[in-house]
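What follows is one structure encoded as structure tokens, with my remarks underneath.
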Amino acid sequence: MDSSFANSLVGSMGVSGLISIIISLICIGLSWWALQNLKLDLFIRFPKSAQGKLLHLLLAIILGHFVAKFLLDYLSWSQMIKYMF
């Protein structure tokens with residue numbers, strides 16, 4: 001394998017990883033912001049406690065992960081369309 005090709009491939013994988021991390025963090029942040037409007041006191045005894053805040057954080061991470069996964073899959077699928085023709 002040509003070393004310039006290998007360097008290009010490694011650089012491309014690095015950029016792809018960085019984009020994935022940034023999109024994931026943005027989606028988790030947006031999920032956190034959206035969940036601020038959720039009335040957790042209907043489901044949790046003490047929503048202001050450490051356990052309530054941890055549950056809120058975990059819900060934001062889970063929701064953000066699924067949204068980021070969808071966006072990254074969609075980006076990947078849209079890039080594959082060029083191989084149809």
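Applying a DSSP loop filter and a limit of 16 other Cβ atoms within 10 Å to the trypsin sites (Lys or Arg not before Pro) in the stretch 29-74 leaves 39, 45, 48. With the charge dipole of the chain set up from +1 on Lys and Arg Cβ and -1 on Asp and Glu Cβ about the Cα centre, the Cα lying farthest toward the positive end among the listed residues 63, 15, 42 is that of 42. Couplings 3J(HN,Hα) of the stretch 62-79, computed from phi: 5, 5, x, 5, 5, 5, 5, 4, 4, 5, 5, 5, 4, 4, 5, 5, 5, 6 Hz, in residue order, whole Hz [Karplus 6.51 cos²θ - 1.76 cosθ + 1.60, θ = phi - 60°; x for Gly and Pro].
In whole angstrom, the chain maps to an equivalent ellipsoid with semi-axes of 39, 15, 7, each derived as √(5λ) from the alpha carbon gyration tensor and ordered largest first.
Would you mind working out the accessible area per residue for the chain, using a 1.4 Å probe, and quoting it in Å²?
Value for the chain: 85 Å² per residue.
Straight-line reach from residue 48: which lysines have Cα under 21 Å away, leaving out those fewer than 8 places along the same chain? Here the lysines satisfying the reach criterion relative to residue 48 are 39. Checking every one of the chymotrypsin sites (Phe, Trp or Tyr not before Pro) in the stretch 1-75 against DSSP loop status and a limit of 12 other Cβ atoms within 10 Å picks out 43.
Label sites at residue 48 and residue 85, each approximated as a point 7 angstrom past Cα along Cα to Cβ, lie 6.0 nm apart. Converting phi to 3J(HN,Hα) with the Karplus coefficients 6.51, -1.76 and 1.60 and the offset θ = phi - 60°, the stretch 14-25 yields x, 5, 4, x, 5, 4, 4, 5, 5, 5, 5, 5 Hz in sequence order, with x at every glycine or proline. For the chain, the relative contact order is 37 percent, taking Cα pairs closer than 8 Å that sit 6 or more residues apart in sequence and dividing their mean separation by the residue count.
Run the numbers for residue 71 and residue 15: contour at 0.36 nm per residue of separation, minus the present Cα-Cα distance, in nm. Don't skip to the end; give the middle numbers.
Working: separation 56, 0.36 × 56 = 20.16 nm, distance 1.63 nm.
Working it through step by step, the gained length comes to 18.5 nm.
The values are calculated or read from the model by the stated rules, or taken from the named source; none is laboratory data. Just so we're clear, the structure is a prediction, and the values are computed from it rather than from any experiment. With ideal geometry, Cβ positions are generated from the backbone for all residues, glycine too; neighbour counts draw on all protein chains shown. Each accessible area value is taken on the protein alone, full model and side chains, heavy atoms only, with ligands, DNA and RNA left out. Shrake-Rupley method; radii C 1.70, N 1.55, O 1.52, S 1.80 Å.
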